[in-house]
Structures are given as structure tokens and as C-alpha cells.
Amino acid sequence: MNAEHPLARYRVEGNPYYRATGAEIEVFEAAHADRIPMMLKGPTGCGKTRFVEHMAHRLGRPLITVACHEDMTASDLVGRFLLDAEGTVWQDGPLTLAVRHGAILYLDEIVEARQDTTVVIHPLTDDRRVLPIEKRNELIAAHPDFHLVVSYNPGYQSAVKDLKESTKQRFVALDFDYPSPQVESEIIAHEAGISEDVARLVVEIGARSRNLRGHGLDEGASTRMLIQAGRLIGRGIPVREACRIALVVPVTDDVDMRAALSRAIEACIA
Amino acid sequence: MTTAIAVGGTAPDTFDVLGRMVLARETLAPSFREASAVAEGFAPDLWDDWCASALALQRANAGVACTLAFFAATTRLGRRGDLATPIAVARAAQAICREAGSRAATALTSAAETLVGLVGVEIDPVLTALVDLSQKRPEAVEPAISVLAQVLPVVGSSAYGEWLAAGLRAYATDKVRLIAYVALEDPLARERLRDHGRAGALRRAMPEAIGFAAALSGEKPTIRFAHGAARASLAAPIVVMPESFPDVPAEEQGALAAAVLAHATAHRLFGGAPFDPRRLKPVQIALTSLIEDARVETLALRRFPGLARLWRPFHVIGPDTARTVPFLMARMARALFDPAYEDPEHWIAKARALFDAARDRLDDPSISREIGNLLGNDLGQMRLSFNAKTWVVDPIYRDDHAGLWTSERPPEAEATEIDVAVEAMKRKEEERDDGRPGDDLPPETDEAVGRARPAPASEDDGTVIGRLPEWDHEAAQERPDWVTVRAYRPNATAEEAVDRLNDVVSGPARRVEAMIRGARLGLPQRLKRQGEGDMLDLDAAIGAAIARRVGEAPDHRVYRRTDRKIRDLATLIMIDTSESTRDRLPGRSNRVLDVEIEATAVLATAIDALGDRLALEGFASDGREDVRITAVKDFADRFDTTSKARLAGLTPGRSTRLGAVLRHGGRRFAGQRAYRRLLVVITDGEPFDVDCDDPIYLVEDARRAVRELRSAGIDAFGLGIGATHTTGDRIFGRGNFVALARPEDLGKALSALYFRLASR
């Protein structure tokens, strides 16, 4: 048997690039020092996940990420018995793993999980900091390094998909949004390896798409999409074509919307 | 006689009579058997209608060919699930047969399938127009039917009546030319068809152009169409568009629409306060406007350089045109737009020099006035005359400048054009008042502008649609036929109200739609301990393993699978329009009714997109003899502009007799086969009516009505706006009534309610 540390695989390698737009790094460090559960709110693709990776690396903690979905059950988080030749063996879920050995647990898009699933985090997010595993009749006290971070896209928020009030009130929250044009160009130039001039054009085009939010699009182009467009441009795809395949086609199938967006992109290109 | 049968016949009798008449003829018998076998498979009321319409066609002596074509259409369309079209066609054919003879009627029944292919379900306006034509010019019906395939794709079903009416007006006394018109052999007809084509192309291009403008500026322009205008006109946030640009071919109307809105957006983003036209000559006003156009376009191009490619094709003027003011102005516009343009005219070179000198302070709108005045003086010294009345802005994508100036009554320079636009808008609006679509004949019908309109529809007495019992709780007995329910025609509303509704609704509606759609497709039910499935049910598997080891017979159902439910529900939402819904919300300008309307529209838009069945009705009451129902949308209707206009047109007034409304709602579900039937009442107060002193009486009656509904398998829910609901729980039962202290929450609550019911 390999005596590898159970969290060795969860170390964040390299230093993930993150460009701060405010005091979020300091705030996160402060919250982490006291292990205050943290909620990151913001539209898709604005850098929430990257921020957590960056912070995990900066703080030297392992990071366990769980993408939440509707079918997720509490045992997907806590763990379950598996069958083997001898009988059953217990397998820790990601939550138990983080609690037992001390890691940052990041529940991405937590509202996607059903509300009765997310209540398993409740005993961990107040001053008890314990995780009861009823199937094994076990009570785990959280490792001192365990820190819970969740993300949450208020765009999806609705009467039905929302966190329980009792869940919400356990967190401190940071608001994320798309960065200012200047900062966003910098990010895109860095991530896509293109010149700042081209990056500025991509950001200007992105602004056109964001203008259509609520006027035919549910969400405008995210920073992530703009980076992808930039990468295609960096690989030699012409700007128009790169923007079409990265920014227009993915977001809408409406013929008029596609044509409108393409025209607006065309207007930005000299 | 025929109409009496068409309305009152019951299927067995009608069918017997029909059978006797048809089966006597050998030529008809086989296709009759085939068609009636298909028609019989439909719902009883449709089958009834079909028999009645077939019989009526027989009695109108439409002839064998006509009947055969009708049976054939029934068989073929019926097999595709459409019996309504053959019925409607038969009714129209019968009417046409009376006026225009059996050949015309045969032409129509033979064209039934073609018609469905051309206009789909919107066949009624076409049939109405043809019947109307048969009464005015019977000879023209057959030629008109023969060219439907050319006309309808261009003109569309809703405007087809006007297309014919235009011909009737033009050739009121000339039978031969009218027939040539309807058969597309007359030049006027071909020209008008091209007009329709251009107007249609422009309208089809608008959604894209609007999206484009929204992407540029972040604000969505509101579009109105004005008949007879030559150029667009800006009255922020409205852009008044001509119905078509006559000189531009249909395929270029799309690019032109985008160019117009891009220009309007440039004014919106970079324009300043309106100029004051006083003490300016017409020529100075025109020139100032043109410089202002150039100024905002130059600024727009700095940010969106690609717009140059959009605008350039419309700058078609060249230096070789005559030395008249309109041409010089158009050349100047081009010179300021296009650096590569060369023009030998000194005045244009000067305009360019003045504009270039101001390039570093283009943010300042006052340069437009400065330069405009200077150039105006020069033009005066060149002794060229300028006729502001006939001048039209060039290039074509620019607006008419009316939006750049302050005065209500604009200066001479723009008078003609603005008048046309304003007049056209007026007419447009008035025409909308009575729900008729716009007229597009040349302004020969100007006197129609000031004509008195028929009294609003709400002033009628309503049509009695039923009498309902009521429950007297003190006597503990039902009073039969106690309440009279009347249907009132909905008010038509202005286009603006519908647009506003669309704007408010579109965003939330998409979210609700996604949510409900997710409920249908994404809300799987986990079925555990199944005999078969795609995953092991671990608990069951472990249980089975344990059972085997201890020597018991294991349970073989060790799988789990997920199953998705399909929604099958019909919903009726009844909207309280009693007097109290006129109240404004605290600190807001919306009335309670507006909140009801918006919330309903959000849900209706979402449900419409999903294709679920939803009906909407407004209600109020004025004593037991007048329970007022306003139909907004039936279960089968689309939530289209018509229903939206009706919804937006609900007006507050009178009282709330809830029990009668609930019973009426229950009857509306007759014929709706659905797994769940859901009746939602949105109300803002307690039941109350003018002829009822005992407040408990109506509450107890409503409570009983809810119980009756429940026993009929209809779920009734109440949503109460305002904090003062004390009887809602009593009427609807705990858990089936939600009191909303904040009216703004209605939309959320309504959608959540639907979602909850749709997904369980």
C-alpha cells in the first residue's frame, strides 16, 4: 500500500493566475484565519473558481472541488459503503475527506444541489465544526485546516432555486463581477497570450454581448469566454471568426440574436 | 335554415340527414365514408361541427366537385390532426356559394390544403376576406383564390383583407380592372405586392436591428411604424420607422434597418440637448442638423469603427450631380463621413475644413450650430434657393432631424416630414384603438383621422353566458340559477401597452420558462429497489448480500433508476379587476391591477413557450345579475399580441363575487382532458358585492365553491395581494392560499406555485 497522504492529490500545483480587482485576497485571508465559511457570488465565468484555486495555493492548503448538481445526494458528499469480496467497505466522500484531513472544500454552484442535500454542511458551519456520519455512527471533529467555500450564481436565483435561509446565514460573502475594461484586457492579454490592443478589442466586443443581457440573452459573454476568444485569436484564427465561434454560437440559437450580435461585433472591428 | 342547423344540430340527427343526402349519390359515397370515419375520431363538438358544416354545404347546393374536394380535404387534413380547417373552409365555401356560385366555392374547398401550407392556423382572416369579397364582387372570388399562393406569402394572412379592400377601393366601379387586380394582372396590384414585400422585409429585419442597437448602447429602442413617412424619426426612446423604404429593394431593407438604428444609437450615445430653432433660417436648421449627424457619427465611429462599412453603401451621391442645395447637402454629408470622397465644390471643401478643425472638440454639440450657421450664410451668398418643404434628408438611413430641435411645432424646415410622421402616428394609434391593423393605402383616407370612433367595447351590456347557483349558508341550501354570468368584450389597448408589457416580461419570463422546462426534463424521480434499472441500489444490494450470507432468500430488486414525469396540466388564471385594484402601490405609480397583469404575463409567456395549456380571464361583479367575465386567452390560444393587448386592456371597476367566479372557472374546464386541472384566483381583497350585506355569506359560498371544484378534480388556489386577508385560508383551505404582503412578490409566487404543481 502506498502511504501517500490522502490529500496529496489535492495540492494546487503551479501558481494559478489571479488578478485582484479589490480587497478580495485580504478578505479571504482574514476569513480563512478564523475558518469562517465563505460564499462567492457572481456571474458565471468571472473568476470565482480561479480565485479559490489561487487562494488555496497562496495559503498552502489542499483544495477539494465539488461541482454540485441536482442529483447529488448527501452520501455523494459524505461517503458510502461499497461492496467488495469480503463485504462492505466505507469510502469517504469529498466532504468527509476534507473534514478528516484538513482541506479547503469548494462547493461550486451550490444552489444546483437540492436544499436537503446542502443541510449536511450545517453542523460544520457553526461553532460545533463536527460532521456526524450516521451510517457509521461516527462523529468527526473537523481538522483545524478544514475551510468551507461555496459559490453561487445569483443569475440563476429564483423562487425555487435558492439556498435555505438557514444555510445562507452561515456564510460571509464576497461579490464578484466582471472586471473593469482595463483590468479585463490585462487578464485576457495574460491568459490568452495576445497583445493588449487585441485584448481591448475583445473586451469591447464582450461589452456588446453583455449589453444584450435581458434583451435576448440570459447572460452576456463571461471573462472566461473572452479568454477563449482571445486564445483562438492567439492561435491565428481571424478576430471575426474567433468571436463568432467563441462568443456568438455558444450563447444563443436565436437567429435574430445571432445576427444582431454578429453585426455588433462587426461594428467594433476596424 | 342552414344556419340554424349549423348552430343547433346534434351529431346523430345531423349525421343521419347528411348520410341520407350524400349516400344517395354514388359519386360521393366512398369519399364520404372515408372522410366521416376520419372526422368521427375527433372530439364530439368538432365532430358535431363537421357534420353541421358538411350538411350546410350540401344544402347550399355547392355541387359534387365542391363536396368531393371538401371530403378529400377532411380526410387528408384530418389525418394530420386538423379538422378545424376543413370545417372553417366548408362554412366559408357555403357562404361564398350563395353569393358567387359553386365554381368559386369549389375553388375554395380545393384550395384548403394549400391554404394550410401557406398560412398554417391563421386561416380565418383569409376566409373572412374572401367571403366579404364574394358579397361585394362575386366574380372576383375565383381569380383571387387562384393566386393565393403568390399573394399570401408576401401579404400575410392578417393583412389579406386589406389587400383585397385596397383593390375594391381603387376599382370600386370597374369590375374588369378589379378582377385583374385580385388576379395580380394589374400593375397597381404588382406594385402594392412589392410594397408589401418591402414592408414585410423591413418588419422581419427589425428584431435583429433592435438587438444590434441594444448591443451597441445597452438600451433597447422601442419601434413604431408610421405610414407614409420617408425617413425615420427620433422621439427618444422611440424610433418611428417608415413602413418601408420604397427605393430600396426588399433584400437590402435589413441592412438599412440596422443602419437606421445604428444612426439613432449614435444620437442617443453622443447627442446633446436639443437645439433651439428660433431665429434660424430653414437652411441653417438643415445644415446644423447635418453637421450634428456627422458629429455623432464620427464619435460613434471612433468607438465602433466597423459601422463605417454599414453606413457607406447608403452614401450614393457623387460629385457629378447638379449644383442644387439638396444635392450639395447630400454631398457634404458624404464628404464629412467618407474621407476618401473627392468633390471639386469649394463649399464642400470649406465644410470639410471647418469640421476637421473642430475634430478635437467633437464632444461639444455647439460646434454643429457654429458650422451650420457659417455654411448657411455661404449658401445664401451662392444665391442658391432652398425649399425646406420638399427637402428630404439624404442618405436614407438618417432620421428626419425632428428629434434634434426643441420646439413642439418644428420649424418650417422639417414641417412637411414631421407632419407626415406625426399624422401617420396618430392614424396608426386610432386604428389600433378599435383593434384593426394599420391601413396602407396612400393618404387618400385622411378624413378618417378625425372621425368619431365607436364607443369603447367595455360599455356594452355583456353577453349572458350562464346562470350559476349560490350557497346560502344560513339557510344551508343552494339557490339555483341565482347568479348571472356575462361575458364582456375585452378592451383593445394601444401598441405601447403591449410593448411595455413585453419589455417588463421578457427577462423574467425566460427564467420562469427555463425553470419550468427544467421541471419537466430535469426533475427525475429516484426509484429505489427496482427489478431492473441502470444503477445498483447499494442499500438494496447490501441487504441482498446480507440476506444471502445469513441464508435467507435475497430480494432481487437491487437496482435503481430515475424516471422523469411529463407535465400534463391545464391551468386557468382568473384575475380580480375589482375597483380596489385601481389603488396605487405604496410609493409607486403602478396599480395593483398592473402588478396582477405583469405577473400573469410573465407566467403566460413562459407557459406559452412551453406549450402548456393556459387560459386567462378577468373578473368583477356588479350584483348577482352581473358577474362580469372578460376573456383574455382561451386554453388553445397562443399568448400572442391579441391576448396580450386584451390582458393589458383589463380595467379596474366594481366588486368581487368570488364564489360565482370559482364556479364559472370550474365550468371552463369542461372538455379539458388533463391529469391536473388548476384554477388560480388572483385577488386583492375579501369577497364583496354591492347587493350583499352579510360578509360571511360570500365567504361561505366561495368556500363551498372550492369544495365543489375539488370534488370535480379541479385544484383551486388563491393568491391574495395585500396583508389584510383573513378569509383566504377559510375559502381555499390552509396551504392553498398565499397572502402576499408585498404585491411585488406576486410574480414570484405565481410562478413558484405553477412550478410546484407542474413538477409534482
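The values are calculated or read from the model by the stated rules, or taken from the named source; none is laboratory data. Remember, it's a predicted structure, so these values are computed and weren't measured experimentally. Here the Cβ is made from the backbone with ideal geometry for all residues, glycine too, and neighbour counts use every protein chain on show. To get the accessible areas, we keep the full protein, side chains included, count just its heavy atoms, and leave off ligands, DNA and RNA. Shrake-Rupley method; radii C 1.70, N 1.55, O 1.52, S 1.80 Å.
Hey, rough spin-label estimate for B:GLU342 and B:VAL121, points 7 angstrom out along Cα→Cβ, what's it come to in nanometres?
6.2 nm
Over region B:4-114, with the other protein chains present, what is the accessible area per residue in square angstrom, probe 1.4 angstrom? Display every interim value, and only then the final one.
Details: 4760 Å² over 111 residues.
Value for region B:4-114: 43 Å² per residue.
Dipole of the protein assembly as shown (Lys/Arg Cβ +1, Asp/Glu Cβ -1, origin at the Cα centre): which of A:VAL78, B:PHE355, A:TYR152 lies farthest to the positive side?
Final value for the positive-end residue is A:VAL78.
Hey, can you grab everything whose amide H is under 5 Å from the amide H of B:PHE225? Only 5+ residues off in sequence or another chain; H modelled, so Pro and N-termini drop out.
For B:PHE225, the qualifying residues are B:MET241.
Pop a pseudo-label 7 angstrom from the Cα along the beta-carbon direction at both B:ALA273 and B:ARG673 and give the gap in nm to one decimal.
Rounded to a tenth, the inter-label distance reads 6.9 nm.
Quick one: compute the contact order of chain B, relative version, from alpha carbon pairs under 8 angstrom and 6+ residues apart, as a percent. It would help to have the intermediate numbers written out before the result.
Values: 1239 pairs, mean separation 58.2, N = 760.
Taking the mean separation of contacting Cα pairs over the length of chain B, I get 8 percent.
By accessible area of protein heavy atoms, probe 1.4 Å, what ranking do B:ARG591, A:ARG235, A:ARG19 get, highest first? Provide the component values of the computation, followed by the final result.
On the way: B:ARG591 50, A:ARG235 210, A:ARG19 75 Å².
Result, largest first: A:ARG235, A:ARG19, B:ARG591.
Suppose every K and R has +1 on its Cβ and every D and E has -1 on its Cβ; what is the size of the dipole of the protein assembly as shown about the Cα centre, in Debye to the nearest 20? Can you show the working numbers first?
Numbers: 132 positive and 150 negative charges, 341 e Å.
Computed about the Cα centre, the dipole is about 1640 debye.
Just for the protein assembly as shown, what percent of DSSP beta bridges are antiparallel, to the closest 5? Write out the running numbers ahead of the final one.
Values: 37 of 91 bridges.
Taking every DSSP beta bridge with both residues in the protein assembly as shown, the antiparallel ones total about 40 percent.
Ignoring everything but the protein chains, give the 1.4 Å probe accessible area of A:GLU204 in square angstrom, nearest 10.
Estimated to the nearest 10 Å², A:GLU204 gives 50 Å².
As a test of the formula, what do you get for chain A when each DSSP H run with n ≥ 4 contributes -39,500 (n - 2.57) and the sum is divided by the residue count, at 222 nm and rounded to the nearest 500 deg cm²/dmol? It would help to have the intermediate numbers written out before the result.
Details: 11 runs with 102 residues, N = 270.
Dividing the helical sum by the residues of chain A leaves -11000 deg cm²/dmol.
Leaving ligands, DNA and RNA out of it, work out the accessible area of B:ARG80 with a 1.4 Å probe and give it in Å² to the nearest 10.
B:ARG80 exposes around 150 Å² with every protein chain in place.
Could you work out how far apart the two model spin labels at A:ASP177 and B:ARG549 are, taking each label as a point 7 Å from the Cα in the direction of the beta carbon, and quote it in nm?
5.9 nm
Given B:ALA226, B:PRO305, B:PHE245, which one lies farthest toward the positive end of the charge dipole of region B:173-313, if we put +1 on the Cβ of every Lys and Arg and -1 on the Cβ of every Asp and Glu?
Checking the options against the dipole of region B:173-313, the answer is B:PRO305.
State to the nearest 20 debye the size of the charge dipole of chain A about its Cα centre, where the only charges are +1 on K and R beta carbons and -1 on D and E beta carbons. Write down the numbers at each step before the final one.
Details: 31 positive and 39 negative charges, 47 e Å.
Roughly 220 debye, rounded to the nearest 20.
From the helices alone, meaning DSSP H stretches of at least four residues, give me the mean residue ellipticity at 222 nm for chain B, per-run term -39500 (n - 2.57), in deg cm²/dmol to the nearest 500.
On the way: 29 runs with 396 residues, N = 760.
Calculated from helices alone, the mean residue ellipticity at 222 nm is -16500 deg cm²/dmol.
R0 = 56 Å: FRET efficiency of B:GLU251 with A:ASP116, Cβ-based, nearest 0.05? Can you show the working numbers first?
Values: r = 57 Å, r/R0 = 1.02.
FRET efficiency, B:GLU251 to A:ASP116: 0.45.
From Cα pairs below 8 angstrom and at least 6 apart in sequence, can you work out the relative contact order of region B:89-208, rounded to a whole percent?
Values: 119 pairs, mean separation 27.6, N = 120.
Relative contact order here is 23 percent.
When only C-alpha pairs under 8 Å and at least 6 residues apart count, what is the relative contact order of chain A, in percent?
19 percent
Gap in Å between the Cα centre of region B:461-509 and the Cα centre of region A:211-252?
After rounding, the separation between the Cα centres reads 48 Å.
Show B:GLU700, A:GLU29 ordered by accessible area, largest first, where the area counts protein heavy atoms only and the probe is 1.4 Å.
Working: B:GLU700 30, A:GLU29 70 Å².
From most exposed to least exposed: A:GLU29, B:GLU700.
Can you give the accessible area of B:PHE15 in Å² (nearest 10), computed on protein heavy atoms with a 1.4 Å probe?
Rounded to the nearest 10, the figure is 60 Å².
Leaving ligands and nucleic acids out of the surface, order B:THR288, A:THR88, B:THR128 by accessible area at 1.4 Å, largest first.
On the way: B:THR288 0, A:THR88 70, B:THR128 90 Å².
Putting B:THR288, A:THR88, B:THR128 in descending order of accessible area: B:THR128, A:THR88, B:THR288.
Pop the C-beta distance of B:GLU139 and B:ARG582 into the FRET formula with R0 = 51 Å and round what comes out to the nearest 0.05. Walk me through the intermediate numbers first.
Numbers: r = 54 Å, r/R0 = 1.06.
For B:GLU139 and B:ARG582, the calculated efficiency is 0.40.
Expressed as a whole number of Å, what is the distance separating the alpha-carbon centroids of region B:40-91 and region B:597-658?
Each part reduced to its Cα centre gives a spacing of 32 Å.
With the alpha-carbon atoms as the only input, what is the per residue convex hull volume for the protein assembly as shown in Å³?
Working: hull volume 259.0 nm³, N = 1030.
Convex hull of Cα atoms, per residue: 251 Å³.
In whole Å, how far is the Cα centre of region B:194-241 from that of region B:670-742?
45 Å
Work out the charge dipole of region B:201-270 with +1 on the Cβ of Lys and Arg and -1 on the Cβ of Asp and Glu about the Cα centre, then indicate which of B:ALA201, B:VAL260, B:ALA214 is farthest towards its positive end.
Result: B:ALA214, furthest along the dipole toward the positive end.
Given a Förster radius of 41 Å and the C-beta distance between B:THR27 and B:MET535 as r, what FRET efficiency does 1/(1 + (r/R0)^6) yield to the nearest 0.05?
Numbers: r = 64 Å, r/R0 = 1.56.
So the FRET efficiency works out to roughly 0.05.
Using a/c under 1.5 as the rounded threshold, could you call region A:162-270 rounded, prolate or oblate? The axes a ≥ b ≥ c are square roots of the C-alpha gyration tensor eigenvalues, and prolate needs a/b larger than b/c, oblate otherwise.
On the way: a/c = 2.48, a/b = 1.46, b/c = 1.70.
Oblate.
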